[in-house]
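In what follows, a structure is listed as structure tokens, so that the remarks can point back to it.
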Amino acid sequence: MTALAEILRAEIAATGPMRLDAYMAACLMHPEHGYYATRDPFGEKGDFITAPEISQMFGELTGLCLAQAWLDQGAPNPVALVELGPGRGTLMADALRATRGVPGFHDALQVHLVETSPALRARQADTLSGHTPTWHDSADTLPDLPTLSVANEFFDALPIRQFQRQGDGWCERVVGLSDDTLALGLNAKRIEPTLAHRLDDTADGVIVETCPAAAPVINALARRIGSRGGAALVIDYGDWRSLGDTLQAVRGHDRADILAAPGTADLSAHVDFEALTHAARGTCNTTRLAPQALFLSRLGITQRAEALAVNMSGPKLEAHHAAFHRLTGRDEMGTLFKVMALYPEGAAPPPGLEP
Ligand code: SAH
């Protein structure tokens, strides 16, 4: 049994079943035993691989997208270039390299990273050693400046709650103990006013998810973008309105049990883009959702891939083709991942996205 399993078992024995968001937060971010707090999980040797780790093209194109939004809005100086959950810092490094030639951009920008994991902060400092980022525990402390932000696979790591429909009410799924081991259970039925709109599109027994931590992050970005300008790209797997149980554990590139060995597997859930849009409402605009493949192809990934391929051959070229396919292929990240942006009222949406 992992050390974290022992801690959680003792806590549940003392105070009763635990909400899933508390369980997920402990598994991912417990200061001593949390998954992100203790390791670098990315890459072929890690547990999963993300788009910026697959190819430099991903960070280059998202960086250029934000730089174009900055130009379209009159090139404000200073401007905050923000990444939420930067992982190894690869996306930001590729974005900064690709935008070096944009006149005035690097003179105007300040790099801000929202990251809670000390292990990953150290890794990001290493990757971005030529720059001077400022780290934040949450989006609340970001500067009050025009803000260009990107979040890739950040919102899917935020803790979720799950509710199972029962008649006109909902039973929350919780982590309890069965024979002294962690087991999922259901709380007693309650009326949940915040889920009233889900009584229309669910049948008895269906699970819906909410992510309480997402709206405050969107609010913090939307307030800055709405009043000062900028844009925020949200890239993640999920869709408009989540339905069903999407919580998953991944270890060593394979699916794992969410309760077995807490703290040693990545936990994530699909992002509900409708909820993110609602959180920005009244403060700034949001674009439609675009599949990642469409977004990247509108930004010119095919041309960029061809330009990079000119100097490649053999296994390197094959890997480059495979990376292109993973980022843009059907039933790969190309369609599973969606992109949405926040942008100011009266401004054009960032390139690659539609109002
Ligand atoms: N964007 C990176 C990493 C995605 S993994 C990439 O695409 O490769 C999720 C990232 O979000 C990690 O860096 C993790 O430490 C960070 N993270 C997770 N929950 C967070 C939270 N609540 N606040 C800040 N960072 C968080």
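The values are calculated or read from the model by the stated rules, or taken from the named source; none is laboratory data. Values in this document were obtained by computation on a predicted structure and should not be read as measured data. Using ideal geometry, Cβ is built from the backbone for each residue, glycine included, and neighbour counts are taken over all protein chains shown.
Among L177, L233, L182, which is the only one that is crowded, with 18+ Cβ neighbours inside 10 Å, under 20 Å from T2 (Cα atoms) and of a type in the set (A, V, I, L, M, F, W, C)? Checking each option against the conditions leaves just L182.
Within the stretch 21-50, residues that are touching a residue at least 24 places away in the same chain (Cβ under 8 Å) have Cβ atoms under 7 Å from residues that are basic (K, R) and near the ligand (Cβ under 10 Å from one of its atoms) in these pairs: D40/R88; D40/R123; F42/R88, counting only partners at least 6 apart in sequence or on another chain.
Would you mind stating whether G104 is within 16 Å of the ligand (Cβ to nearest atom) and either in contact with a His (Cβ under 8 Å, 6 or more places away or on another chain) or on the phi > 0 side of the Ramachandran plot (or both)? Can you show your working first?
Working: within 16 Å of the ligand (Cβ to nearest atom): no; either in contact with a His (Cβ under 8 Å, 6 or more places away or on another chain) or on the phi > 0 side of the Ramachandran plot (or both): yes.
No: the conditions fail for G104.
Which of the residues spanning the stretch 35-71 are among the polar types (S, T, N, Q) and farther than 19 Å from E354 by Cβ? Explain how you work it out, then say what you get.
Residues of the stretch 35-71 that are among the polar types (S, T, N, Q), as a first pass: 38, 50, 55-56, 62, 68.
The answer is T38, T50, S55, Q56.
With respect to A69, is the statement that it is modelled with pLDDT of 95 or more, within 14 Å of the ligand (Cβ to nearest atom), farther than 20 Å from G34 by Cα and buried (at least 21 other Cβ atoms within 10 Å of the Cβ) true? In short, no.
Out of A119, A93, A108, which single residue is in contact (Cβ under 8 Å) with a residue 12 or more places away in the chain and under 24 Å from A347 (Cα atoms)? Give the derivation first.
Details: A119 fails: under 24 Å from A347 (Cα atoms); A93 fails: under 24 Å from A347 (Cα atoms).
Only one candidate passes the filter, namely A108.
Does any residue of the stretch 296-319 turn out to be surrounded by fewer than 19 Cβ atoms within 10 Å (Cβ to Cβ), closer than 30 Å to N219 by Cα and of a type in the set (G, A, S)? Yes, because at least one residue in the stretch 296-319 is surrounded by fewer than 19 Cβ atoms within 10 Å (Cβ to Cβ), closer than 30 Å to N219 by Cα and of a type in the set (G, A, S).
Hey, any hits in the stretch 185-197 for a residue that's assigned to a strand (DSSP E or B), in contact (Cβ under 8 Å) with a residue 60 or more places away in the chain and farther than 28 Å from V114 by Cβ? Yes - at least one qualifying residue is present in the stretch 185-197.
I'd like to check something: does the stretch 282-292 contain any residue that is within 24 Å of C27 (Cα to Cα) and not in a loop (DSSP other than H, G, I, E, B)? No: zero hits. A single entry from G46, G74, G63 fulfils the requirement of being closer than 27 Å to F324 by Cβ and surrounded by fewer than 22 Cβ atoms within 10 Å (Cβ to Cβ): G46.
Residues of the stretch 78-101 that are assigned to a loop (DSSP other than H, G, I, E, B) and within 14 Å of the ligand (Cβ to nearest atom): G85, P86, G87, R88, G89. Yes or no: the stretch 226-234 includes at least one residue that is assigned by TED's automatic domain parsing to the domain that holds Q68, among the charged types (D, E, K, R) and either touching a residue at least 12 places away in the same chain (Cβ under 8 Å) or more than 23 Å from T116 (Cα to Cα) (or both). The answer is yes; a qualifying residue exists.
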